[in-house]
Amino acid sequence: MKLDKGVRLKATDGATLSLGDRVAIDQFADVYAKIGTLTVGNDTFVGPWTRIIARENVSIGSDCLIAESVVIRDQNHKVVAGELTRKAGFTSAPIQIGNNVWIGAKATIVPGVTIGDNAVIGANAVVTEDVPPNVVVAGVPAKRIRDITQ
C-alpha cells in the first residue's frame, strides 16, 4: 500500500475499512467508513483530493483507476418537510464498483449505483443509474456513450 501526503483513512462507529494489496492513494484523498464497510481491491489507484465515504457499503474492485477529485458517497441527508436537514438523519444505499473500472476526474457516484467490470466513467459525470460492464458513460446525468469492444 502507498499513501501519499495528507491522505486520511478513517473507520469509526464499528465500521470496517479494507485496502487490498498494492493500493495507492494519492495526496489529500479522504477514505472514510462510518458504521458500514468500505473495501478497495488490489492494484487500485485513488487520485488526489478524492472522497470515498461509506455509511453502509462501498465496494471498489481490483485494478481500478480513480482520477482526481472524484466523489463516491453511499449516503445523502434526508430532507423532511418542517425539519432541519442537519437533524433529519441519512439515507444510504450500497455502491458496487467492478474490476478494471476507470473513473474520470471530478465524477460523482451516488448511492445505490453498481458499475460493471471494465466500464469507463467520463470526467465530471454524475452517475445516478447502474452502468453495465464494458461501456463508456459521460454527462450529467451520465448516459451510455459507447460500448467497449476489441
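Where a number appears in this text, it was derived from the coordinates with a stated rule and is not lab data. Being a predicted model, the structure only gives us computed values, none of them experimental. A quick note on method: Cβ atoms are made from the backbone with ideal geometry, for glycine too, and the neighbour counts reach across all protein chains shown.
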*Which number in (1) farther than 26 Å from residue 37 by Cα; (2) out of contact with any Asp or Glu (no Cβ under 8 Å at 6 or more places or on another chain) marks the one condition that residue 60 misses?*
(1)
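What about residue 9, is it closer than 25 Å to residue 134 by Cβ, in contact with a strand residue (DSSP E or B) (Cβ under 8 Å, 6 or more places away or on another chain) and surrounded by fewer than 17 Cβ atoms within 10 Å (Cβ to Cβ)? Even if it seems obvious, please write down each step before you answer.
Details: closer than 25 Å to residue 134 by Cβ: no; in contact with a strand residue (DSSP E or B) (Cβ under 8 Å, 6 or more places away or on another chain): yes; surrounded by fewer than 17 Cβ atoms within 10 Å (Cβ to Cβ): yes.
Judged against the criteria, residue 9 is not a match.
Condition first: assigned to a strand (DSSP E or B) and of a type in the set (Lys, Arg). Now tell me which residues in segment 1-26 satisfy that. Can you show your working first?
Let us first name the residues in segment 1-26 that are assigned to a strand (DSSP E or B), namely 2-3, 8-12, 16-19, 24-25.
Of everything in segment 1-26, those that are assigned to a strand (DSSP E or B) and of a type in the set (Lys, Arg) turn out to be 2, 8, 10.
Yes or no: segment 75-82 includes at least one residue that is closer than 24 Å to residue 138 by Cα and either in contact (Cβ under 8 Å) with a residue 12 or more places away in the chain or more than 15 Å from the chain's Cα centre (by Cα) (or both). Let's see the steps before the verdict.
In the first step, residues of segment 75-82 are kept if they are closer than 24 Å to residue 138 by Cα; the result is 75-76.
In the following step, the residues that additionally are either in contact (Cβ under 8 Å) with a residue 12 or more places away in the chain or more than 15 Å from the chain's Cα centre (by Cα) (or both) were identified as 75-76.
The answer is yes, given that some residue of segment 75-82 is closer than 24 Å to residue 138 by Cα and either in contact (Cβ under 8 Å) with a residue 12 or more places away in the chain or more than 15 Å from the chain's Cα centre (by Cα) (or both).
Has segment 103-111 got any residue that is assigned to a strand (DSSP E or B), closer than 16 Å to residue 1 by Cβ and touching a residue at least 12 places away in the same chain (Cβ under 8 Å)?
Keep residues of segment 103-111 that are assigned to a strand (DSSP E or B), which gives 103, 108-109.
Still in the running and closer than 16 Å to residue 1 by Cβ: none.
Within segment 103-111, not a single residue is assigned to a strand (DSSP E or B), closer than 16 Å to residue 1 by Cβ and touching a residue at least 12 places away in the same chain (Cβ under 8 Å).
Please report, ordered by residue number, the strands (runs of 3 or more DSSP E) entirely within segment 27-95 with at least 3 residues that are β-branched (Val, Ile, Thr).
Details: elements: 30-34, 37-40, 51-54, 57-60, 71-73, 75-77, 90-92.
Where strands (runs of 3 or more DSSP E) fall fully within segment 27-95 and carry at least 3 residues being β-branched (Val, Ile, Thr), they are 37-40.
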*Residues of segment 131-150 satisfying the condition of being exposed (fewer than 14 other Cβ atoms within 10 Å of the Cβ) and closer than 11 Å to residue 110 by Cβ*: 141
*Tabulated pairs, segment 4-22, first in contact (Cβ under 8 Å) with a residue 60 or more places away in the chain and within 21 Å of residue 69 (Cα to Cα), second of a type in the set (D, E, K, R) and surrounded by 12 or more Cβ atoms within 10 Å (Cβ to Cβ), C-beta under 6 angstrom, 6+ apart or interchain*: none
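Restricting attention to segment 112-128, which residues are part of a loop (DSSP other than H, G, I, E, B) and closer than 14 Å to residue 97 by Cβ? Even if it seems obvious, please write down each step before you answer.
Pass one, segment 112-128, residues part of a loop (DSSP other than H, G, I, E, B): 112-113, 116-119, 122-125, 128.
Once the filter is applied, which keeps residues that are part of a loop (DSSP other than H, G, I, E, B) and closer than 14 Å to residue 97 by Cβ, segment 112-128 yields 112, 113, 116, 117, 118, 119, 125.
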